[in-house]
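First the structure, in the form of structure tokens, and then the observations on it.
The values are calculated or read from the model by the stated rules, or taken from the named source; none is laboratory data. Not measured: the values here are computed from a predicted model. Note that we place each Cβ from the backbone using ideal geometry, even for glycine, and neighbour counts take in every protein chain shown. Accessible surface areas use protein heavy atoms only, side chains included; no ligands, DNA or RNA. Shrake-Rupley method; radii C 1.70, N 1.55, O 1.52, S 1.80 Å.
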Amino acid sequence: MKISKCLISSNMGNSFCMLCGCIDQASVGIVERWGRFEKLAEPGLHFFNPCAGQWLAGILSTRINSLDVRIETKTKDNVFVQLLCSIQYRIVRANADDAFYELQNPKEQIQAYVFDVVRALVPRMTLDELFEQKGEVAKAVLEELEKVMGAYGYSIEHILMVDIIPDPAVRKAMNEINAAQRLQLASVYKGEAEKILQVKRAEAEAEAKYLGGVGVARQRQAITDGLRENILNFSHKVEGASAKEVMDLIMITQYFDTIKDLGNSSNNTTVFLPHGPGHVRDISDQIRNGLMEASAAQVDG
């Protein structure tokens, strides 16, 4: 704050003796006469009469001031926390004389009331409730300060709970609990995903086996139908040929086709097979006997 002085200026404790003074904008002056409050001086140039005991006792700023208060207290669940509270306040211009004469140190007064309200309210809350209801704490502090500081010419503009800082050990424990919960949830999701994957894999395998079985059955049905048609055609076209002889001929043909396929295979695999007409006849007899035994078992059942 700048004060323009003219002619005479002498320092008298907290008072200034001068003929004239200029008060800046957003400020208010306290004018006294013979040591008693006389009036408020608005911004601008003012003339004083020192001979009549009039002088400018002081100048107060009406700008908004900010005060940061750090409070350490305990919650209902016995967790020590630090609260950082920011109080924005200003002097009410019309009551500037109360602010000048009533309070010697307004910051200490405000801080004391903040301590009192916070330490009475926070111990009734758990740590989680404190984080959720920090706005309610700020509101309670604002109401108390407005009621008390208003009588001294101060207006409380805003109160902000800037930060809530638990004890470092508590923060570490909370982070570990949160991490464990997230890992547990991730494990559940992973298990569900693996379960769904296994079910889908089993369903796909069952479907593949079913379709493979259908394919094999259709293949065998086609082979059976082809053999039956060949036997019938051969029996009709060649006189005196029995069905058994035709079947033996077909089995020999199938046998040589199998040998040919094994020979044309690109795999370097050696297969030892009994070879000769007698062996072919034995194979046909075994197949025929197997079919007859299967038919007999169905009839007995």
Verdict on residue 122 being in contact (Cβ under 8 Å) with a residue 24 or more places away in the chain, crowded, with 16+ Cβ neighbours inside 10 Å, touching a Ser or Thr at 6+ places or on another chain (Cβ under 8 Å) and under 16 Å from residue 144 (Cβ atoms): yes
Is at least one residue of the stretch 163-180 touching a helix residue (DSSP H, G or I) at 6+ places or on another chain (Cβ under 7 Å), surrounded by 13 or more Cβ atoms within 10 Å (Cβ to Cβ) and assigned to a helix (DSSP H, G or I)? no
Is it true that some residue in the stretch 144-157 is over 30 Å from residue 36 (Cβ atoms), out of contact with any strand residue (DSSP E or B) (no Cβ under 8 Å at 6 or more places or on another chain) and touching a residue at least 12 places away in the same chain (Cβ under 8 Å)? yes
Residue that is nearest to residue 20 (Cα to Cα) [pool: residues in the stretch 33-48 that are open to solvent by 70 Å² or more (accessible area, probe 1.4 Å) and outside any strand (DSSP E or B)]: 42
Regarding the stretch 74-85, can at least one residue be identified that is in contact (Cβ under 8 Å) with a residue 24 or more places away in the chain, part of a helix (DSSP H, G or I), over 12 Å from residue 164 (Cβ atoms) and within 30 Å of the chain's Cα centre (by Cα)? no
Which one is farthest from residue 42 (Cα to Cα) among residues in the stretch 104-119 that are crowded, with 17+ Cβ neighbours inside 10 Å and among the aliphatic types (A, V, I, L, M)? 118
Residue 70 vs. criteria open to solvent by 50 Å² or more (accessible area, probe 1.4 Å), modelled with pLDDT of 90 or more and touching a Lys or Arg at 6+ places or on another chain (Cβ under 8 Å): no
